[in-house]
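The values are calculated or read from the model by the stated rules, or taken from the named source; none is laboratory data. Keep in mind the model is a prediction, meaning the values are calculated, not measured. The area values use the complete protein model at the heavy-atom level, side chains included, leaving out ligands, DNA and RNA. Shrake-Rupley method; radii C 1.70, N 1.55, O 1.52, S 1.80 Å.
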Amino acid sequence: MPKTKKIPLRQCIACRELKEKRDMLRIVKNAQGEIFLDFSSKAAGRGAYICNNPDCVKKLVKNKLVNKVFSCEVPQEVYSRIQEEYFGKQG
């Protein structure tokens with residue numbers, strides 16, 4: 001019987017849906033406390049995932065979900081940078 005490769009799933013911090021890891025964006029908090037979008041999905045640090053969906057990105061910013069996930073105060077410029085990086089990549 002062929003061994004099927006398990007597809008890694010992650011939960012979106014905005015809509016709470018489980019989706020394939022490769023279809024999501026990773027937000028990382030590294031050891032220095034910097035928070036950024038990790039397009040490689042390989043950066044060291046604590047990761048949180050968000051759907052590659054404009055509505056989830058907007059909800060993330062509106063509800064300051066990164067604060068909740070990483071249990072720390074996140075400056076507004078981090079949210080602005082996430083929006084710029086995400087919406088900049090879209091087109």
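Results, tabulated for the structure shown:
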item: Accessible surface, per residue, of the stretch 26-67 when the full set of protein chains is kept, probe 1.4 Å, Å²; result: 52 Å²
item: Residue-level accessible surface for E17, protein heavy atoms, 1.4 Å, Å²; result: 90 Å²
item: Surface share of carbon and sulfur [accessible, 1.4 angstrom probe, percent] for the chain; result: 51 percent
item: Cα-based convex hull volume of the chain per residue, rounded to whole Å³; result: 117 Å³
